[in-house]
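Working notes, structure below.
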Amino acid sequence: MKIRKAVFPAAGLGTRFLPATKSQPKEMLPLVDKPVIQYVIEEAMASGIDNIIIVTGRGKNAIEDHFDVSYELEKILEGRGKTDLLEQVRAISKMVSISYVRQKEALGLGHAILVAKPLIGEEPFAVLLGDDIIDAEVPCTQQMISVFERHQSSVLATQVVEGPDISRYGVIKGEPVGADSEPARTYHVQDLVEKPPYSEAPSNLAIIGRYILTPEIFEVLEHTRADKSGEIQLTNGLRLLLERQSVHAYRFEGKRYDAGDKLGFLIATVEFALKRDDLGADFANYLRGLKF
Ligand code: UTP
(Lines give C-alpha, C1' and ligand atoms only; values in the text may rest on other atoms or scores of the structure.)
Protein backbone atom coordinates (compact mmCIF):
# COMPACT_ATOMS: atom_id res chain seq x y z
CA MET A 1 0.00 0.00 0.00
CA LYS A 2 1.17 3.51 -0.79
CA ILE A 3 1.85 6.00 2.01
CA ARG A 4 -0.43 8.94 1.20
CA LYS A 5 -1.04 10.51 4.60
CA ALA A 6 1.11 12.03 7.32
CA VAL A 7 0.31 13.06 10.88
CA PHE A 8 2.11 16.01 12.48
CA PRO A 9 1.57 15.95 16.25
CA ALA A 10 1.85 19.58 17.34
CA ALA A 11 -0.19 19.69 20.53
CA GLY A 12 2.66 19.41 23.03
CA LEU A 13 3.25 22.16 25.55
CA GLY A 14 6.82 22.95 24.48
CA THR A 15 8.03 23.47 28.05
CA ARG A 16 11.70 23.27 27.01
CA PHE A 17 11.23 26.49 25.09
CA LEU A 18 9.47 28.61 27.70
CA PRO A 19 8.87 31.49 27.89
CA ALA A 20 8.86 31.73 24.05
CA THR A 21 6.18 29.05 23.89
CA LYS A 22 3.85 30.54 26.47
CA SER A 23 1.54 32.01 23.83
CA GLN A 24 3.20 30.78 20.66
CA PRO A 25 3.48 27.20 19.43
CA LYS A 26 7.06 25.92 19.29
CA GLU A 27 6.28 24.65 15.78
CA MET A 28 6.04 28.30 14.70
CA LEU A 29 9.50 29.33 15.93
CA PRO A 30 11.36 30.55 12.86
CA LEU A 31 14.45 28.75 11.64
CA VAL A 32 16.01 31.73 9.83
CA ASP A 33 12.73 32.93 8.28
CA LYS A 34 10.48 29.88 8.07
CA PRO A 35 8.55 28.23 10.92
CA VAL A 36 9.99 24.81 11.81
CA ILE A 37 6.74 23.04 10.95
CA GLN A 38 6.99 24.27 7.36
CA TYR A 39 10.36 22.53 6.89
CA VAL A 40 8.81 19.27 8.05
CA ILE A 41 5.71 19.64 5.86
CA GLU A 42 7.96 20.36 2.88
CA GLU A 43 9.86 17.13 3.65
CA ALA A 44 6.60 15.14 3.61
CA MET A 45 5.54 16.74 0.32
CA ALA A 46 8.94 16.04 -1.25
CA SER A 47 8.42 12.40 -0.19
CA GLY A 48 5.17 12.12 -2.19
CA ILE A 49 2.70 12.70 0.66
CA ASP A 50 -0.19 15.00 -0.19
CA ASN A 51 -2.56 14.49 2.70
CA ILE A 52 -1.41 16.26 5.84
CA ILE A 53 -3.06 16.06 9.24
CA ILE A 54 -1.87 18.39 11.98
CA VAL A 55 -2.81 17.56 15.56
CA THR A 56 -3.20 20.87 17.36
CA GLY A 57 -4.21 21.94 20.83
CA ARG A 58 -5.02 25.06 22.77
CA GLY A 59 -3.03 28.13 21.72
CA LYS A 60 -1.99 26.66 18.37
CA ASN A 61 -4.11 28.85 16.05
CA ALA A 62 -1.00 30.45 14.58
CA ILE A 63 -0.26 27.15 12.79
CA GLU A 64 -3.63 27.19 11.01
CA ASP A 65 -3.26 30.87 10.17
CA HIS A 66 0.20 30.31 8.71
CA PHE A 67 -1.06 27.78 6.14
CA ASP A 68 -4.25 29.71 5.41
CA VAL A 69 -4.85 32.50 2.86
CA SER A 70 -4.14 35.96 4.28
CA TYR A 71 -6.20 38.33 2.12
CA GLU A 72 -5.23 41.50 4.00
CA LEU A 73 -1.51 40.78 3.84
CA GLU A 74 -1.74 39.83 0.16
CA LYS A 75 -3.62 43.06 -0.64
CA ILE A 76 -1.03 45.18 1.18
CA LEU A 77 1.92 43.46 -0.52
CA GLU A 78 0.17 43.77 -3.90
CA GLY A 79 -0.48 47.49 -3.31
CA ARG A 80 3.18 48.04 -2.43
CA GLY A 81 4.39 46.13 -5.49
CA LYS A 82 6.25 43.56 -3.33
CA THR A 83 5.73 40.76 -5.83
CA ASP A 84 8.48 38.46 -4.49
CA LEU A 85 7.06 38.47 -0.97
CA LEU A 86 3.53 38.14 -2.34
CA GLU A 87 4.52 35.01 -4.25
CA GLN A 88 6.14 33.52 -1.12
CA VAL A 89 3.09 34.22 1.02
CA ARG A 90 0.71 32.79 -1.62
CA ALA A 91 2.86 29.69 -2.13
CA ILE A 92 2.45 28.73 1.55
CA SER A 93 -1.35 28.65 1.42
CA LYS A 94 -1.31 26.78 -1.90
CA MET A 95 1.25 24.22 -0.72
CA VAL A 96 -0.92 21.31 0.21
CA SER A 97 -4.30 20.38 1.63
CA ILE A 98 -4.10 20.27 5.42
CA SER A 99 -6.67 18.94 7.88
CA TYR A 100 -6.59 19.78 11.57
CA VAL A 101 -7.69 17.68 14.49
CA ARG A 102 -7.65 18.81 18.06
CA GLN A 103 -6.10 17.02 21.02
CA LYS A 104 -8.03 18.58 23.87
CA GLU A 105 -5.45 17.75 26.53
CA ALA A 106 -1.73 17.08 26.07
CA LEU A 107 -1.98 13.40 27.03
CA GLY A 108 1.16 12.30 25.23
CA LEU A 109 2.46 11.57 21.74
CA GLY A 110 0.69 8.19 21.58
CA HIS A 111 -2.61 9.87 22.42
CA ALA A 112 -2.00 12.62 19.84
CA ILE A 113 -1.62 9.96 17.13
CA LEU A 114 -4.77 8.20 18.32
CA VAL A 115 -6.70 11.45 17.91
CA ALA A 116 -5.88 11.35 14.16
CA LYS A 117 -7.39 7.87 13.72
CA PRO A 118 -10.69 8.99 12.08
CA LEU A 119 -8.72 10.87 9.41
CA ILE A 120 -6.34 7.99 8.66
CA GLY A 121 -8.60 4.96 8.55
CA GLU A 122 -7.18 1.58 7.64
CA GLU A 123 -3.97 2.48 5.88
CA PRO A 124 -0.30 2.83 6.78
CA PHE A 125 0.78 6.42 7.36
CA ALA A 126 3.78 8.57 8.28
CA VAL A 127 4.32 10.54 11.49
CA LEU A 128 6.69 13.51 11.50
CA LEU A 129 7.69 15.47 14.60
CA GLY A 130 8.51 19.13 14.08
CA ASP A 131 11.19 18.92 16.77
CA ASP A 132 13.43 16.99 14.39
CA ILE A 133 14.61 18.86 11.33
CA ILE A 134 16.48 16.54 9.00
CA ASP A 135 18.72 17.82 6.25
CA ALA A 136 19.18 15.00 3.73
CA GLU A 137 19.82 14.53 0.03
CA VAL A 138 16.90 12.09 -0.18
CA PRO A 139 14.19 13.33 2.22
CA CYS A 140 14.20 11.20 5.37
CA THR A 141 10.50 10.33 5.02
CA GLN A 142 11.14 9.11 1.49
CA GLN A 143 13.96 6.87 2.77
CA MET A 144 11.56 5.47 5.38
CA ILE A 145 8.85 4.86 2.77
CA SER A 146 11.34 2.81 0.72
CA VAL A 147 12.02 0.60 3.77
CA PHE A 148 8.27 0.24 4.35
CA GLU A 149 7.77 -0.81 0.72
CA ARG A 150 10.45 -3.48 1.10
CA HIS A 151 9.25 -4.93 4.43
CA GLN A 152 5.55 -3.92 4.69
CA SER A 153 5.98 -3.20 8.39
CA SER A 154 6.12 -0.19 10.67
CA VAL A 155 9.48 1.61 10.40
CA LEU A 156 11.17 3.78 13.07
CA ALA A 157 13.84 6.32 12.15
CA THR A 158 17.00 5.96 14.21
CA GLN A 159 20.39 7.58 14.53
CA VAL A 160 23.52 6.66 16.46
CA VAL A 161 23.89 8.60 19.72
CA GLU A 162 27.18 7.94 21.50
CA GLY A 163 27.62 8.25 25.27
CA PRO A 164 25.22 9.15 28.09
CA ASP A 165 23.04 11.34 25.82
CA ILE A 166 21.36 8.10 24.67
CA SER A 167 19.28 8.19 27.85
CA ARG A 168 17.33 11.18 26.46
CA TYR A 169 15.80 9.00 23.72
CA GLY A 170 13.73 5.91 23.00
CA VAL A 171 16.32 3.24 22.18
CA ILE A 172 15.95 0.08 20.09
CA LYS A 173 17.39 -3.38 20.45
CA GLY A 174 17.68 -4.65 16.90
CA GLU A 175 19.05 -7.36 14.65
CA PRO A 176 20.59 -6.09 11.36
CA VAL A 177 18.63 -7.06 8.26
CA GLY A 178 20.53 -7.96 5.07
CA ALA A 179 23.68 -6.06 4.20
CA ASP A 180 22.40 -2.72 2.96
CA SER A 181 25.47 -0.98 4.39
CA GLU A 182 28.33 -1.49 6.85
CA PRO A 183 27.37 -0.91 9.66
CA ALA A 184 23.78 -1.87 8.86
CA ARG A 185 21.05 0.65 8.16
CA THR A 186 17.98 -1.58 8.50
CA TYR A 187 17.20 -3.50 11.70
CA HIS A 188 14.55 -5.90 12.78
CA VAL A 189 13.38 -4.43 16.11
CA GLN A 190 13.40 -6.88 19.02
CA ASP A 191 12.62 -4.45 21.81
CA LEU A 192 12.54 -0.77 22.59
CA VAL A 193 12.97 1.20 25.78
CA GLU A 194 12.04 4.79 26.55
CA LYS A 195 14.86 6.90 28.00
CA PRO A 196 16.96 4.08 29.55
CA PRO A 197 19.85 4.85 31.93
CA TYR A 198 23.08 4.90 29.90
CA SER A 199 24.31 1.63 31.47
CA GLU A 200 21.08 -0.17 30.52
CA ALA A 201 20.63 1.14 26.96
CA PRO A 202 20.21 -1.87 24.65
CA SER A 203 22.14 -0.14 21.82
CA ASN A 204 23.30 3.28 20.67
CA LEU A 205 20.41 3.56 18.17
CA ALA A 206 18.06 6.34 19.25
CA ILE A 207 14.55 6.75 17.85
CA ILE A 208 14.13 10.06 16.00
CA GLY A 209 10.86 11.81 15.08
CA ARG A 210 9.98 10.04 11.83
CA TYR A 211 7.80 6.93 11.75
CA ILE A 212 5.88 4.87 9.24
CA LEU A 213 3.10 3.11 11.14
CA THR A 214 0.67 0.39 10.16
CA PRO A 215 -2.98 1.08 11.11
CA GLU A 216 -2.82 -1.64 13.82
CA ILE A 217 -1.06 1.00 15.94
CA PHE A 218 -4.45 2.58 16.68
CA GLU A 219 -5.90 -0.53 18.30
CA VAL A 220 -2.69 -0.97 20.24
CA LEU A 221 -2.67 2.66 21.45
CA GLU A 222 -6.27 2.29 22.58
CA HIS A 223 -4.99 -0.42 24.94
CA THR A 224 -1.78 1.31 26.01
CA ARG A 225 -1.88 2.41 29.61
CA ALA A 226 -0.94 5.94 30.58
CA ASP A 227 2.43 6.27 32.32
CA LYS A 228 3.13 7.85 35.74
CA SER A 229 2.65 11.33 34.32
CA GLY A 230 -0.72 10.38 32.81
CA GLU A 231 0.59 10.35 29.21
CA ILE A 232 0.16 7.63 26.60
CA GLN A 233 3.66 7.13 25.24
CA LEU A 234 4.14 6.07 21.64
CA THR A 235 7.11 3.91 22.69
CA ASN A 236 4.86 1.86 24.99
CA GLY A 237 2.35 1.44 22.16
CA LEU A 238 5.14 0.31 19.83
CA ARG A 239 6.20 -2.34 22.34
CA LEU A 240 2.68 -3.77 22.22
CA LEU A 241 2.71 -3.58 18.43
CA LEU A 242 5.94 -5.61 18.45
CA GLU A 243 4.06 -8.47 20.12
CA ARG A 244 1.70 -8.64 17.13
CA GLN A 245 3.78 -7.87 14.07
CA SER A 246 7.33 -7.15 13.02
CA VAL A 247 8.69 -3.63 13.21
CA HIS A 248 11.81 -2.33 11.48
CA ALA A 249 14.18 0.48 12.37
CA TYR A 250 16.15 2.45 9.81
CA ARG A 251 19.34 4.42 10.39
CA PHE A 252 18.59 7.22 7.92
CA GLU A 253 21.12 9.13 5.83
CA GLY A 254 21.23 12.84 6.67
CA LYS A 255 21.86 15.28 9.48
CA ARG A 256 19.28 15.74 12.19
CA TYR A 257 18.84 18.91 14.25
CA ASP A 258 16.97 18.85 17.56
CA ALA A 259 14.90 21.99 17.07
CA GLY A 260 12.85 21.32 20.22
CA ASP A 261 15.88 22.05 22.40
CA LYS A 262 17.44 25.51 22.81
CA LEU A 263 21.01 24.53 21.91
CA GLY A 264 19.85 22.30 19.03
CA PHE A 265 17.71 25.14 17.72
CA LEU A 266 20.64 27.59 17.81
CA ILE A 267 22.88 25.12 15.98
CA ALA A 268 20.21 24.60 13.31
CA THR A 269 19.73 28.36 12.94
CA VAL A 270 23.45 28.97 12.40
CA GLU A 271 23.90 26.09 9.94
CA PHE A 272 20.76 26.83 7.92
CA ALA A 273 21.66 30.54 7.74
CA LEU A 274 25.19 29.71 6.54
CA LYS A 275 23.70 27.61 3.71
CA ARG A 276 21.48 30.41 2.44
CA ASP A 277 22.50 32.10 -0.84
CA ASP A 278 21.13 35.46 0.33
CA LEU A 279 22.62 35.44 3.85
CA GLY A 280 25.37 32.84 4.10
CA ALA A 281 28.40 34.90 3.03
CA ASP A 282 27.57 37.95 5.18
CA PHE A 283 26.69 35.79 8.16
CA ALA A 284 29.94 33.81 7.83
CA ASN A 285 31.89 37.10 7.78
CA TYR A 286 30.11 38.23 10.90
CA LEU A 287 30.82 34.94 12.70
CA ARG A 288 34.52 35.05 11.72
CA GLY A 289 34.79 38.48 13.32
CA LEU A 290 33.45 37.37 16.69
CA LYS A 291 35.97 37.17 19.51
CA PHE A 292 35.50 34.26 21.94
P1 UTP B 1 7.71 16.43 23.31
O2 UTP B 1 8.04 15.25 24.12
O3 UTP B 1 8.84 17.17 22.68
O4 UTP B 1 6.84 17.38 24.22
O5 UTP B 1 6.69 15.97 22.20
P6 UTP B 1 6.49 18.90 24.07
O7 UTP B 1 5.43 19.18 25.06
O8 UTP B 1 6.13 19.28 22.67
O9 UTP B 1 7.83 19.70 24.42
P10 UTP B 1 8.64 19.84 25.78
O11 UTP B 1 9.37 18.56 25.97
O12 UTP B 1 7.64 20.13 26.86
O13 UTP B 1 9.53 21.01 25.51
C14 UTP B 1 7.08 15.35 21.00
C15 UTP B 1 6.07 15.69 19.92
O16 UTP B 1 4.78 15.21 20.26
C17 UTP B 1 3.82 16.25 20.26
C18 UTP B 1 4.63 17.52 20.41
O19 UTP B 1 3.92 18.62 19.86
C20 UTP B 1 5.91 17.18 19.68
O21 UTP B 1 5.77 17.36 18.28
N22 UTP B 1 2.87 16.03 21.38
C23 UTP B 1 3.36 15.69 22.62
C24 UTP B 1 1.52 16.14 21.16
O25 UTP B 1 1.07 16.45 20.03
N26 UTP B 1 0.67 15.93 22.21
C27 UTP B 1 1.12 15.59 23.45
O28 UTP B 1 0.28 15.39 24.35
C29 UTP B 1 2.49 15.48 23.66
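The values are calculated or read from the model by the stated rules, or taken from the named source; none is laboratory data. Treat the numbers as computed from the prediction; the structure is a model and nothing was measured. Don't worry about glycine lacking a Cβ; one is built from the backbone with ideal geometry, like all the others, and counts go over all protein chains shown.
You will find that of 185, 102, the residue that is within 24 Å of residue 65 (Cβ to Cβ), among the basic types (Lys, Arg) and in contact (Cβ under 8 Å) with a residue 24 or more places away in the chain is 102 and no other. Taken over the stretch 21-34, the residue count meeting the criterion of being modelled with pLDDT of 90 or more and either away from the ligand (no atom under 12 Å from the Cβ) or part of a loop (DSSP other than H, G, I, E, B) (or both) is 7.
Rundown of residues vs (1) under 18 Å from residue 6 (Cβ atoms); (2) within 16 Å of the ligand (Cβ to nearest atom); (3) out of contact with any Cys (no Cβ under 8 Å at 6 or more places or on another chain); (4) at pLDDT 95 or above, yes/no style:
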site: 86; (1), (2), (3), (4): no, no, yes, no
site: 92; (1), (2), (3), (4): yes, no, yes, no
site: 112; (1), (2), (3), (4): yes, yes, yes, yes
site: 116; (1), (2), (3), (4): yes, yes, yes, yes
site: 130; (1), (2), (3), (4): yes, yes, yes, no
site: 135; (1), (2), (3), (4): no, no, yes, yes
site: 142; (1), (2), (3), (4): yes, no, yes, yes
site: 164; (1), (2), (3), (4): no, no, yes, yes
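When the stretch 31-57 is filtered for residues that are touching a residue at least 12 places away in the same chain (Cβ under 8 Å) and farther than 20 Å from residue 127 by Cβ, the ones remaining, listed by number, are 31, 32. Among the residues of the stretch 238-261, those that are of a type outside the set (D, E, K, R), at pLDDT 95 or above and within 15 Å of the ligand (Cβ to nearest atom) comprise 238, 257.
For (1) touching a residue at least 12 places away in the same chain (Cβ under 8 Å); (2) small (Gly, Ala, Ser); (3) in a helix (DSSP H, G or I), each residue gets a yes or a no:
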| site | (1), (2), (3) |
| --- | --- |
| 210 | yes, no, no |
| 226 | yes, yes, no |
| 232 | yes, no, no |
| 237 | yes, yes, yes |
| 250 | yes, no, no |
| 253 | yes, no, no |
| 266 | no, no, yes |
| 273 | yes, yes, yes |
| 286 | no, no, yes |
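Being farther than 24 Å from residue 159 by Cβ and touching a His at 6+ places or on another chain (Cβ under 8 Å): is that true of residue 279 here?
no
If I filter the stretch 66-83 for residues that are touching a helix residue (DSSP H, G or I) at 6+ places or on another chain (Cβ under 9 Å), aliphatic (A, V, I, L, M) and surrounded by fewer than 16 Cβ atoms within 10 Å (Cβ to Cβ), do I get at least one hit? Among the residues of the stretch 66-83, at least one is touching a helix residue (DSSP H, G or I) at 6+ places or on another chain (Cβ under 9 Å), aliphatic (A, V, I, L, M) and surrounded by fewer than 16 Cβ atoms within 10 Å (Cβ to Cβ), which makes the answer yes. For the stretch 76-90, residues that are of a type outside the set (A, V, I, L, M) and closer than 15 Å to residue 34 by Cα total 3.
For the stretch 142-155, the criterion of being within 14 Å of the chain's Cα centre (by Cα), surrounded by 21 or more Cβ atoms within 10 Å (Cβ to Cβ) and of a type in the set (Ser, Thr, Tyr) is met by none of the residues.
Answer yes if at least one residue in the stretch 191-198 is farther than 14 Å from residue 235 by Cα and buried (at least 16 other Cβ atoms within 10 Å of the Cβ), and no otherwise. Walk me through how you get there before you give the answer.
The initial filter retains those residues of the stretch 191-198 that are farther than 14 Å from residue 235 by Cα, namely 197-198.
Restricting the remaining residues to those that are buried (at least 16 other Cβ atoms within 10 Å of the Cβ) gives none.
Within the stretch 191-198, none of the residues are farther than 14 Å from residue 235 by Cα and buried (at least 16 other Cβ atoms within 10 Å of the Cβ).
In the stretch 2-30, the residues that are without any contact (Cβ under 8 Å) to a residue 60 or more places away in the chain form Cβ pairs under 6 Å with partners that are within 11 Å of the ligand (Cβ to nearest atom) and not hydrophobic (A, V, I, L, M, F, W, C), at six or more places apart or across chains, as follows: 21/14; 25/60. Only one entry in 98, 37, 54, 63 is within 12 Å of the ligand (Cβ to nearest atom), assigned to a strand (DSSP E or B) and surrounded by 15 or more Cβ atoms within 10 Å (Cβ to Cβ), namely 54.
This table checks each residue for (1) within 27 Å of residue 19 (Cα to Cα); (2) aromatic (Phe, Trp, Tyr); (3) over 22 Å from the mean Cα position of the chain (by Cα); (4) surrounded by 21 or more Cβ atoms within 10 Å (Cβ to Cβ).
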site	(1), (2), (3), (4)
212	no, no, no, yes
254	no, no, no, no
264	yes, no, no, no
280	no, no, yes, no
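Considering only the stretch 1-20, state which residues are under 25 Å from residue 97 (Cα atoms) and either away from the ligand (no atom under 12 Å from the Cβ) or not in a loop (DSSP other than H, G, I, E, B) (or both). Across the stretch 1-20, the qualifying residues are 1, 2, 3, 4, 5, 6, 7, 8, 9.
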